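Read the structure below first, then the notes.
Just so it is clear, none of the values below were taken in a lab; they were calculated from the coordinates. In this text the structure is predicted, and so the values were computed from the model without any measurement. In this analysis, Cβ positions are derived from the backbone assuming ideal geometry, glycine residues included, and neighbour counts consider all displayed protein chains.
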Amino acid sequence: MSEIVLNAEQAKILAEAGRAVTVRDERGQIVGTLTPSPGFTPEEIEEARRDLASNQRRYTTAEVLEHLRSLDRQ
């Protein structure tokens, strides 16, 4: 997948829009639409980054699924 990195101002506009944003080139032609990802505030993202940097225990998807299966068997 191709990737375009937004500058801080562009990312802020997208995050605050709360809905799809039309993207235009320098001639004003529409080149696409961006939809912001729902639900994550800058504070939540920073908290997740701190959590990832910590030594706290993490669980793989397989471990979580096995735990859920074990609850069904009880």
query = Highest mean first, what order results for 10-20, 62-72 on Cβ atoms within 10 Å?
reply = 10-20, 62-72
inquiry  = Quick query: amide H of residue 23 versus all other amide H atoms, modeled in the peptide plane; which residues come in under 5 Å with a sequence gap of 5 or more or a different chain?
reply    = 31, 32, 33, 34
task = Just name one of 33, 22, 1: the one whose Cα is farthest towards the positive end of the charge dipole of the chain (beta-carbon charges, Lys/Arg +1, Asp/Glu -1).
result = 1
request  = Measure out, as a whole number of angstrom, how far apart the alpha-carbon centroids of the range 41-63 and the range 1-35 sit.
outcome  = 27
task = Note the angle between two axes, namely the Cα long axis of helix 61-73 and the longest principal axis of the Cα atoms of the chain, as a number of degrees from 0 to 90, rounded to the nearest 10.
result = 50
Extension gain from residue 24 to residue 11, taking 0.36 nm per residue of separation minus the Cα-Cα distance = 3.2 nm
